Amino acid sequence: MEPMTIALAVGAALFGYFAAKKLRSPSNLPPGPPAVPIFGSSLWIQFPMRCWILKTPQLYGQVCTFVLDGRRICVLNSYEAVREAFLTHSSNFSGRQVNIFTTKVLGNSGLLAGDGPKWKQLRRFSLQALRDFGFGKSGSEETIAREAQELIAALESSNGQPTSTSVPFNKAVSNVICSLVFGSRVADEDPSFEEKLSLINKLTQTSAESRHPLLTITMAFQRFLSPELVLSMPFPKKMVGIFNSVFNFCQGQIDAKEAAYNTADEPRDYIEAFLAERHRLTDAPQDAKAHLSNKNLQVSISDLFVAGTDTTANSLRWIALHLALNSDLQERLASYVKDKLGDRPPVMGDRPNLPLIEAFIHEAQRYYTLVPTGVPHRTTADAELLGYFIPKDTVVFSNIQAVHSDPTNFPDPETFDPDRFIDSAGKFRPSERIIPFSIGKRSCLGESLARMELFLFAVSLVQAFRIGIPDSESNRLDEIRRYSGGVVHSPGPHELIFQRRDDD
Ligand code: HEM
């Protein structure tokens, strides 16, 4: 071989080596605050962490990174970043965090926190099972329509006096998920159900990261302690207690089903489908039925129950609050619905004929981003994102709120304007950049159910009531709207007035 060719080959090899090394070196990480041994970046960020994450687009741009409690964290601050991570490189970005909690309390199980082949099988099974009981089909439509009427009756019983939206909305939405999962309207049948709802609320609202500076120091050393000791500390202990109460409740439902259900019968709900599938796969190899363990059943039911209740109920509470504060819009929607449907209750088939309602819900999901910083993912391999290096086992937050308030996607994002999604022919034109349910392999499992609920409940409310707000509540709007830094951004406690329209 010519010396020149050898020199070129060696040069090319060295260039390739150093280029790859640069990608892998920390200098090619996204920007972010400094990190020091033991404390990571905790001295530079503000807590609650999720509130601080919302400010990172202004500080660091589209993608940023920092280190907390020994974990590298990456934040996706634009639609392009979320799409590239969760769609283009979904195979590397679809894991979930592994920590003492997911290992010791959740047993690496369930729909929300699990990952790997067992989670994949469970997700596939769950989507199929819930579809069979009407996810996105007429079964759930009937269930939701019935609960919408129950909700209206409950609100009507307040006789036009200020009433909290929290319990009635949560109960109505819970009854839908309970019907699909447990086969009964547990929320109405179990007298202690309100207590369960408040536990769920604590789970989704509590911010694990809101901490006192002293706690920051304790947290920094936590990873050097035994899991048992960590779980006995005040905050983790409280969370474990809440989880265990939800698990016990779910286990009670499973036990009752196991005692009564004959696996030869056609399953009628998620638990029965799980038991039937387990029976069907009795002789299958272990790999094929690894997702059908008792722990997986217990955790996935509580996942459906937790993820399916607080999210939809709080989206509806934001919608009711917004209508109460914007009577012009409320009257416009009410006369629009009256014009299209008269007084008959809505059905899903009405959706194409109600583009303004579709646009209103779409805008509500943008404006009141319910899960502002997403549910964190984990990289399962070293990855590249928008030219940056993201190491394996990085925890990845999607700043959905930043995507929804990006003025390049939504001019004048602080203005609530459903008409931005109505085209010149009067048709509803949704934006792919509105991602309340996230996107990709880990996107929300209950999206089609939630969309049906939002439509049927919202139309029913607009038809039935003139919604108002007492002066005492209008004076504390900042407090009602404040984000506590939990996974879900729900409105703070407040009361609204529901006056029947047909009383006019
Ligand atoms: C308006 C209502 C809802 C919103 C805004 C919402 C939003 C979300 C978001 C942002 C995620 C995280 C996706 C990701 O990690 O990238 C998620 C996951 C999930 N949601 Fe929902 N959700 C809603 C309703 C529901 C309902 C009704 C159910 C149950 C029937 C449900 C069940 C789940 C489950 C099981 C997951 C975990 C999926 C996985 O990790 O593979 N959600 N949801």
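The values are calculated or read from the model by the stated rules, or taken from the named source; none is laboratory data. Not measured: the values here are computed from a predicted model. Cβ atoms come from the backbone with ideal geometry, glycine included; neighbour counts cover every protein chain shown. These accessible areas exclude ligands, DNA and RNA; they are computed on the full protein's heavy atoms, side chains included. Shrake-Rupley method; radii C 1.70, N 1.55, O 1.52, S 1.80 Å.
In summary, ARG223 fulfils each of the numbered conditions (1) open to solvent by 80 Å² or more (accessible area, probe 1.4 Å); (2) farther than 30 Å from ALA35 by Cα; (3) modelled with pLDDT under 90 with the single exception of condition (2).
Against the conditions (1) farther than 19 Å from TYR270 by Cβ; (2) crowded, with 22+ Cβ neighbours inside 10 Å, where does TRP119 fall short? Just the number, please. Of everything listed in (1) farther than 19 Å from TYR270 by Cβ; (2) crowded, with 22+ Cβ neighbours inside 10 Å, TRP119 misses just condition (1). For residues that are closer than 25 Å to ALA383 by Cβ and in contact (Cβ under 8 Å) with a residue 40 or more places away in the chain, scanning just the stretch 121-131, find the one that is farthest from the chain's Cα centre (by Cα). Filtering first and then ranking leaves GLN121.
Once the stretch 393-405 is narrowed to residues that are touching a residue at least 40 places away in the same chain (Cβ under 8 Å) and assigned to a helix (DSSP H, G or I), the residue that is most open to solvent (accessible area, probe 1.4 Å) is GLN401. Against the numbered list (1) open to solvent by 10 Å² or more (accessible area, probe 1.4 Å); (2) more than 16 Å from the ligand (Cβ to nearest atom), ILE480 comes up short only at (1). Among the numbered criteria (1) buried (at least 20 other Cβ atoms within 10 Å of the Cβ); (2) away from the ligand (no atom under 16 Å from the Cβ), which one does LEU456 miss? Failed condition: (2).
Every listed requirement among (1) open to solvent by 10 Å² or more (accessible area, probe 1.4 Å); (2) in a helix (DSSP H, G or I); (3) more than 30 Å from GLN463 (Cα to Cα) is met by GLY308 save one, (3). Taking first residues from the stretch 440-468 that are closer than 22 Å to GLU331 by Cα and of a type in the set (Lys, Arg) and partners that are outside any loop (DSSP other than H, G, I, E, B) and open to solvent by 10 Å² or more (accessible area, probe 1.4 Å), the Cβ contacts under 6 Å between residues at least 6 apart in sequence or on separate chains come to ARG466/GLN499; ARG466/ARG501.
Let's see how each residue does on (1) away from the ligand (no atom under 16 Å from the Cβ); (2) closer than 30 Å to GLU228 by Cα; (3) buried (at least 18 other Cβ atoms within 10 Å of the Cβ):
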{"position": "ALA81", "(1), (2), (3)": "no, no, yes"}
{"position": "VAL98", "(1), (2), (3)": "no, yes, no"}
{"position": "LEU127", "(1), (2), (3)": "no, no, no"}
{"position": "GLY134", "(1), (2), (3)": "no, no, yes"}
{"position": "THR143", "(1), (2), (3)": "no, no, yes"}
{"position": "PRO162", "(1), (2), (3)": "yes, no, no"}
{"position": "ARG185", "(1), (2), (3)": "no, no, yes"}
{"position": "ASP188", "(1), (2), (3)": "yes, no, no"}
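Go through the stretch 231-274 and give me each residue that's farther than 22 Å from ALA113 by Cα, in contact (Cβ under 8 Å) with a residue 12 or more places away in the chain and assigned to a helix (DSSP H, G or I). The answer is LYS257, GLU258, GLU272.
Sub-6 Å Cβ pairs linking a first residue in the stretch 86-114 that is in contact (Cβ under 8 Å) with a residue 24 or more places away in the chain and under 15 Å from ALA381 (Cβ atoms) to a second residue that is part of a loop (DSSP other than H, G, I, E, B) and open to solvent by less than 20 Å² (accessible area, probe 1.4 Å), at least 6 apart or interchain, are ASN92/THR379; PHE93/THR379; SER94/ARG442, ordered by first then second residue. No other residue among ARG332, ARG344 is more than 19 Å from PHE133 (Cα to Cα), away from the ligand (no atom under 16 Å from the Cβ), in a helix (DSSP H, G or I) and open to solvent by 60 Å² or more (accessible area, probe 1.4 Å) apart from ARG332. Only a single item in (1) within 23 Å of the chain's Cα centre (by Cα); (2) in contact (Cβ under 8 Å) with a residue 40 or more places away in the chain; (3) assigned to a helix (DSSP H, G or I); (4) under 23 Å from VAL347 (Cα atoms) is not met by GLN149, and it is number (1). Taking each residue of the stretch 478-504 that is closer than 29 Å to PRO48 by Cα and free of Cβ contacts under 8 Å to residues at least 12 places away in the same chain and looking for partners that are in a loop (DSSP other than H, G, I, E, B) and open to solvent by less than 100 Å² (accessible area, probe 1.4 Å) with beta-carbon atoms closer than 8 Å, six or more apart or interchain, yields ARG481/PRO491; ARG481/GLY492; ARG482/GLY492. Being surrounded by fewer than 18 Cβ atoms within 10 Å (Cβ to Cβ) and part of a loop (DSSP other than H, G, I, E, B) is a property that ILE38 has. Within the stretch 464-504, the residues that satisfy the criterion of being under 30 Å from ASP339 (Cα atoms) and of a type in the set (D, E, K, R) are ARG466, GLU495, ARG500, ARG501, ASP502, ASP503, ASP504.
The sole residue among PRO418, PRO376, PRO411 that is over 23 Å from GLN330 (Cβ atoms) and away from the ligand (no atom under 16 Å from the Cβ) is PRO411.
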